[in-house]
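Down below is the structure, laid out as structure tokens.
The values are calculated or read from the model by the stated rules, or taken from the named source; none is laboratory data. As the structure is a computational prediction, the values presented were derived from the model and not from experiment. Heads up: the accessible areas ignore ligands, DNA and RNA and are worked out on the full protein's heavy atoms, side chains in. Shrake-Rupley method; radii C 1.70, N 1.55, O 1.52, S 1.80 Å.
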Amino acid sequence: MDWSVLFFVNSILFGIGLAMDAFSVSMANGLNEPEMDRRKELLIAGAFGVFQTLMPLIGWVLVHTAMNTFQQIQKFIPWIALILLCWIGGKMIVEGIQSRKESAGESTAADKPAEKLGLWALFVQAVATSIDALSVGFTIAEYDFSHAFAESLIIGIVTFFISLAGIRIGRKFGTKLSDKASIFGGVILVLIGIEIFVTHL
């Protein structure tokens, strides 16, 4: 394997394809939190980028050290992604519905904004959107470690920038959608979970 232009082009294109789930989830986060500051934007995009870098590398290592274990894990990938994203998305939908009821005067409780994304929820999202990248370990099995690392790093960098764009797009529309944003963002997460499940089952 040589360090050709084609290698880098293919890695970038691979990264774009794998980053689409992270982009959609990032957009949902922006919808849910339109007042998000720059530090949190970078934290979220960075988390998606890091996990999207780690998963192909873990897959590569498993292919080279524990093929049977990797094959057993692979069949659970769509189920894990579906459960994690439906859990987070469902939580956002419920919070959005409660917030709308309160603002409409159907509840005596004081109005409260949609719950902001915490570190645990971010971790769950990052794992759920990158776990299917474990399968990349099969496609780069013939690479040596340096090439596998380089491709994984490129995928992670591409994911970072695409996720950052998703957050900013979501924030723009989130301001306009107001109290509907949390529900809409939650629906997006659930649909992504279903899409990953159906396409990888």
Using a 1.4 Å probe on the protein heavy atoms only, what accessible surface does residue 132 show? Give it in Å² to the nearest 10. 20
Ranking 190, 124 from most to least accessible area with a 1.4 Å probe gives 190, 124
